[in-house]
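Q: Below you will find the structure I want to go over with you.
Here, each number is a calculation from the coordinates, and none is a lab measurement. Being a predicted model, the structure only gives us computed values, none of them experimental. With ideal geometry, Cβ positions are generated from the backbone for all residues, glycine too; neighbour counts draw on all protein chains shown.
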Amino acid sequence: MNPRTLLLSIALSASAVAGFAQDSADVIVYGSTPGGFCAAIAAAREGASVILLEPTEHVGGLSTGGLSHCDSNQMRRETLMGLFDEWHRRVVKDYTDRGLAAPYDAALKDTARWTFEPHVAMRVTTAMLKEAGVVVRTGRYLKSVTKEGPRITSLTAKDGKFTAKVFVDGSYEGDLMAAAGVD
């Protein structure tokens, strides 16, 4: 191998490793609950680079983890549009594309219980994150945050430090806010 080819090969390998170990983005979302993964997708669709950090090995929160239904029947569904609506339409499409009966009608904004299988919810969630270009990192348990004044500048998690212009707490318990000292 000539020296130029070797240098190019090393540079490309280093780029691939650097891309894999990405630790900085425009937006970092901590917690992949439905609110967290929707925030990540929305930011990425607006052109931001986004890293979604999940403390566990499971992405999608209760929707992909066994709840098996959407509890939106307790609110005015006609007001719930955007990613909520798109996600549900894609869950229904997953069933009908496989020749199965739709489990519910996402266009009908009534108070019926919308049920789905968690693995279908996971498939839809994963596809939407991938399509948006969101970098997903699991097993990233929050250890601490660094702040400049009231603004978070970095987040230290198991296996790394992550920096961003904007941080979003997508956890169920407000873990990032608590680490930042928010009451």
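Q: Assuming R0 = 25 Å, can you tell me the calculated FRET efficiency for the pair LYS109 and LYS130, based on Cβ-Cβ distance, to the nearest 0.05? Mind showing how you got there, number by number?
A: On the way: r = 28 Å, r/R0 = 1.13.
Once the sixth-power term is evaluated, E becomes 0.35.
Q: Please compute the length gained on full extension between GLN22 and TYR95, using 0.36 nm multiplied by the number of residues separating them and subtracting their Cα-Cα distance.
A: Numbers: separation 73, 0.36 × 73 = 26.28 nm, distance 3.47 nm.
Net length gain for the segment: 22.8 nm.
Q: Label ASP71 and THR146 with points 7 Å out from Cα along Cα→Cβ: what is the distance between them in nm?
A: Going by the 7 Å Cα→Cβ label model, 3.8 nm.
Q: Sort largest first and round to whole Å: the equivalent ellipsoid semi-axes of the chain, each the square root of five times a Cα gyration tensor eigenvalue. Show your work: numbers first, answer last.
A: On the way: eigenvalues 229, 107, 35 Å².
Semi-axis lengths for the chain are 34, 23, 13 Å.
Q: Sticking with this one: Picking from ALA157, ALA101, ALA40, which is most flexible by a Gaussian network model of the chain using Cα springs under 10 Å?
A: Most flexible of the set in this elastic network: ALA101.
Q: Given the DSSP H assignment, sum -39500 (n - 2.57) over each helix run of at least 4 residues in the chain and divide by its residue total; what's the result at 222 nm in deg cm²/dmol, nearest 500?
A: Numbers: 6 runs with 71 residues, N = 183.
After summing the helix terms and dividing by the residues of the chain, the value is -12000 deg cm²/dmol.
Q: Moving on. Here is the link list: LYS93/LYS161; LYS93/LYS130; LYS93/LYS158; LYS109/LYS165; LYS143/LYS165. Which ones come out longer than 29 Å on Cα distance?
A: Working: LYS93/LYS161 38 Å; LYS93/LYS130 18 Å; LYS93/LYS158 37 Å; LYS109/LYS165 37 Å; LYS143/LYS165 19 Å.
Exceeds cut-off: LYS93/LYS161; LYS93/LYS158; LYS109/LYS165.
Q: What are the semi-axes of the equivalent ellipsoid for the stretch 69-116, taken as the square roots of 5 times the Cα gyration tensor eigenvalues, largest first, in whole Å? If you can, show how the numbers build up before the last one.
A: Numbers: eigenvalues 69, 26, 12 Å².
Rounded to whole Å, the semi-axes are 19, 11, 8.
Q: I've got another one for you. Check which residues have an amide H placed less than 5 Å from THR153's amide H, if you skip close sequence neighbours.
A: THR146, LYS147, GLU148
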